[in-house]
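Structure provided below as structure tokens; questions to follow.
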């Protein structure tokens, strides 16, 4: 895990705006439907080449492939796990959350506005979630796909002619896969969850063996409370504690200093009153065998929670990756605000143990950005400028210009 001794490094959470025309074939790929495989392979390779170059030209230090080979960060798992069959009772992408119950009119208006968007985006938003049920032992069958992703990222960096500070690649957690890929084979749901973890270990190892930092994406850790309105905080803590154990099972054999863990409250540009507060799960999250932790720290519901990190006993070698620009507001943060946020965390973990990032992905589902593409890139520019300003104050004699 790269640290810097002369400036604040920058990164992002993984998902970057994709070309609009790629959404349909990416969905077909991840859903196991017919599509032009050769054409899609060419498009993915070119798209990864372009997005890597754009990140490097912009000045982002720790980069990835923008997740451009995936329809979204969850659906791709369907094509990479064996032993699954279509679920006759599909699981809803998002049920009646606490916020949806509290603001029914607002959520109804949002649904109507989404349906009124451009025909291409509206049609893509109608695509059902990829749901399955296990009918045989769950295994990993995505070796060719993850090898393709690794080769495309390496090739894109070479083509760009610039060397990033580091490379990372995202992979979904067993916890999130469990929600959409249900148990129909194992004696217990817990056995099913562990089988998913053991299967995903193959993908995780491949990413680390390729020389990349592995980012585990686990939004469900933070969102479970909101999406289970009848669950108590203690119920959710028990749920999270068990899923932390399973993530660690999936990380078997992988060095802790090659792992960064990301949780968030999902892409939901809407009223956010019932997010689970960080103080209720930070101790559980820190049990994960990761060195770096990526989390929402910029949206108005969580900006104040930097004090929770200050009050928590942290591992000596921890790296914090706070979101210092948000995906859930369209205002572009002023670089000075970004710098101030970075400096808060530098005062907690040390200036060399903070990497500046965004809260959550800017193109999470390739089904139409809730943050406009132009705004997303403007926010990343503000992130980089804010990191530069913070660096001049944190390293007054040696900060890079």
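Only bridges whose two residues both fall in the chain count here: according to DSSP, what percent of them are antiparallel, nearest 5?
Within the chain, antiparallel bridges account for around 15 percent of the total.
If each DSSP helix of 4+ residues adds -39,500 (n - 2.57) and the sum is divided by the residues in the chain, what number results at 222 nm, nearest 500 deg cm²/dmol? Display every interim value, and only then the final one.
Values: 15 runs with 179 residues, N = 401.
Calculated at 222 nm, the ellipticity per residue is -14000 deg cm²/dmol.
Rounded to the nearest 0.05, what FRET efficiency do residue 273 and residue 397 have when you use their Cβ-Cβ distance and R0 = 41 Å? Before the final figure, lay out each step's value.
Working: r = 45 Å, r/R0 = 1.10.
E between residue 273 and residue 397, to the nearest 0.05, is 0.35.
Show me the three semi-axes of the equivalent ellipsoid for the chain, from the C-alpha gyration tensor (sqrt of 5 times each eigenvalue), largest first, rounded to whole Å. Before the final figure, lay out each step's value.
Details: eigenvalues 178, 120, 103 Å².
Rounded to whole Å, the semi-axes are 30, 24, 23.
Order by neighbour count: 331, 9, fewest other Cβ atoms within 10 Å first, most last.
Fewest to most other Cβ atoms nearby, the residues stand as 331, 9.
What distance in nm separates the two pseudo spin-label positions at residue 96 and residue 248, each 7 Å out from Cα along the beta-carbon direction?
3.7
Using only Cα atoms, locate the centre of region 161-186 and the centre of region 23-69, then give the distance between them in Å, rounded to an integer.
Each part reduced to its Cα centre gives a spacing of 16 Å.
Can you give the extra length, in nm with one decimal, that the chain gains between residue 316 and residue 241 once fully stretched, where that is 0.36 nm per residue apart less the Cα-Cα distance?
Roughly 24.8 nm would be gained on extension.
Only counting other Cβ atoms within 10 Å, I'd like 360, 236 sorted with the fewest neighbours first.
Listing 360, 236 from fewest to most nearby Cβ atoms yields 236, 360.
Shifting gears a bit: Using Cβ counts within 10 Å as a stand-in for footprinting exposure, how do 166, 36, 65 rank, fewest first?
Fewest-to-most Cβ neighbours within 10 Å comes out as 36, 166, 65.
Each value in this text was obtained by applying a stated rule to the coordinates, not by laboratory testing. Everything numeric here is computed off the predicted structure, so don't read it as measured data. Using ideal geometry, Cβ is built from the backbone for each residue, glycine included, and neighbour counts are taken over all protein chains shown.
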